[in-house]
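The values are calculated or read from the model by the stated rules, or taken from the named source; none is laboratory data. Because the structure is a prediction, the values reported are computed rather than measured. Note that we place each Cβ from the backbone using ideal geometry, even for glycine, and neighbour counts take in every protein chain shown.
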Amino acid sequence: MNHFDKAPTGVLLINLGGPDSLEAIEPFLFNLFSDEDIITLPFGFQWLLPALAAWISKRRSSVVKEYYRLIGGKSPIRELTEAQREALERLLSKEGNYKVFVGMRYWKPSIEEALDQIAKERIEKVIVLPLFPQYSITSSGSGMNELNRLIKKKGLNLQIQPIYEWYNQPSYIQAVFENIQEGKKLFPKEAVGKLHVLFSAHGVPEKVILKGDPYQKQIKETVNLLAPYLKEEVLHLAYQSKIGRLKWIGPSVEEKLKELAEQKVQKILVVPISFVSDHSETLYEIDILFKGIATELGIPYFYRMPSLNTSPTFIRALKETVAGK
């Protein structure tokens with residue numbers, strides 16, 4: 001492992017962030033839909049993006065507010081990521097001199113705020129760890145691009161060591177497997193029959209993959225790495241969170257649930273394979289929306305694997321990923 005002398009090595013955890021109140025939903029959505037790595041307009045029309053983002057965020061905010069009302073009025077992602085930061089810094093302190101920061105792409109604490117803190121503490125070397133195990137331009141790539149823009153804008157002289165993907169990190173695979181085992185305990189004794197494990201990943205537009213983005217390939221590889229530990233279960237993969245009219249990669253979770261219902265499947269455990277903490281995609285979309293769909297389709301036993309959050313094995317995976325740099 002490479003130790004940096006004297007000054008601490010900075011570790012920047014990048015995540016998407018989430019609204020911390022109902023009032024924050026519209027500005028959060030504006031930041032999201034203003035991202036050129038996600039909303040790609042034809043050449044020469046990028047100047048329209050702020051107006052388009054304002055229109056979309058205003059139009060969607062009332063619907064999204066209802067989702068957040070059902071999960072407590074805000075996203076827990078800030079508190080959960082802060083807990084991950086603290087746990088990781090504790091582990092890393094046994095390895096060397098590290099200081100861990102959090103930067104959210106679309107909300108607070110922002111990547112810019114994290115950079116300001118890094119500069120204030122005179123840190124020169126920063127390992128950047130996006131909290132997305134699989135790489136996509138729409139997640140890790142966007143966060144890295146924003147970071148590089150801000151470093152240039154502020155004229156900072158930082159040695160950046162980016163970690164682009166870490167889905168094949170052995171302790172990460174172990175952490176997911178352990179939580180799948182915990183998820184199995186949610187099923188009551190009367191739930192008999194074969195267990196179907198439905199891996200659910202955040203979807204992306206198909207055009208992103210066609211441009212060479214490795215995300216879908218890495219999602220499939222993640223499932224393949226877990227498969228040897230799940231020989232008794234039937235495994236499936238689907239994608240969630242589609243918005244807009246573009247064609248997205250599939251099948252969608254809704255489509256997969258209909259297919260499984262037609263096969264008279266009784267027991268489904270959903271594994272959110274591209275998410276490392278709870279937020280609206282797990283707490284609303286899986287726990288409320290998809291569970292409701294499963295019930296309507298006649299699937300009696302539908303549960304979700306507990307999110308990784310601050311699982312000790314997961315924090316160890318982050319530590320080993322960082323220390324390996």
What number of residues in region 262-287 are among the small types (Gly, Ala, Ser) and either touching a Gly at 6+ places or on another chain (Cβ under 9 Å) or outside any loop (DSSP other than H, G, I, E, B) (or both)?
1
When residues of region 33-45 are limited to those that are under 27 Å from the mean Cα position of the chain (by Cα) and exposed (fewer than 13 other Cβ atoms within 10 Å of the Cβ), the one farthest from residue 246 (Cα to Cα):
36
Can you say whether residue 137 is among the aliphatic types (A, V, I, L, M), under 20 Å from residue 9 (Cα atoms) and in contact (Cβ under 8 Å) with a residue 24 or more places away in the chain, as far as the supplied structure shows?
no
Please enumerate the residues belonging to region 46-70 that are within 20 Å of the chain's Cα centre (by Cα) and of a type in the set (A, V, I, L, M).
64
Criterion violated by residue 190 - all others in (1) at positive phi; (2) exposed (fewer than 13 other Cβ atoms within 10 Å of the Cβ) satisfied:
(1)
Which of (1) of a type outside the set (Asp, Glu); (2) out of contact with any Gly (no Cβ under 6 Å at 6 or more places or on another chain); (3) buried (at least 18 other Cβ atoms within 10 Å of the Cβ); (4) over 29 Å from residue 216 (Cα atoms) does residue 152 not meet, given it meets every other one?
(3)
Right, residue 173: in contact with a helix residue (DSSP H, G or I) (Cβ under 6 Å, 6 or more places away or on another chain), within 15 Å of residue 136 (Cβ to Cβ) and of a type outside the set (Asp, Glu) or not?
no
Could you tell me how many of the residues in region 221-238 are farther than 19 Å from residue 130 by Cβ, within 16 Å of the chain's Cα centre (by Cα) and not hydrophobic (A, V, I, L, M, F, W, C)?
0
Based on what the data block shows, is residue 301 within 20 Å of residue 190 (Cα to Cα) and modelled with pLDDT of 95 or more?
yes
Kindly indicate which of 315, 273, 293, 288 is under 19 Å from residue 165 (Cβ atoms), hydrophobic (A, V, I, L, M, F, W, C) and either touching a His at 6+ places or on another chain (Cβ under 6 Å) or assigned by TED's automatic domain parsing to the domain that holds residue 240 (or both).
273
Restricting region 200-215 to residues that are among the hydrophobic types (A, V, I, L, M, F, W, C) and under 27 Å from residue 277 (Cβ atoms), the residue that is surrounded by the fewest Cβ atoms within 10 Å (Cβ to Cβ):
209
I'm checking my understanding of the structure. Among residues of region 288-315 that are crowded, with 19+ Cβ neighbours inside 10 Å and in a helix (DSSP H, G or I), which one is farthest from the chain's Cα centre (by Cα)?
294
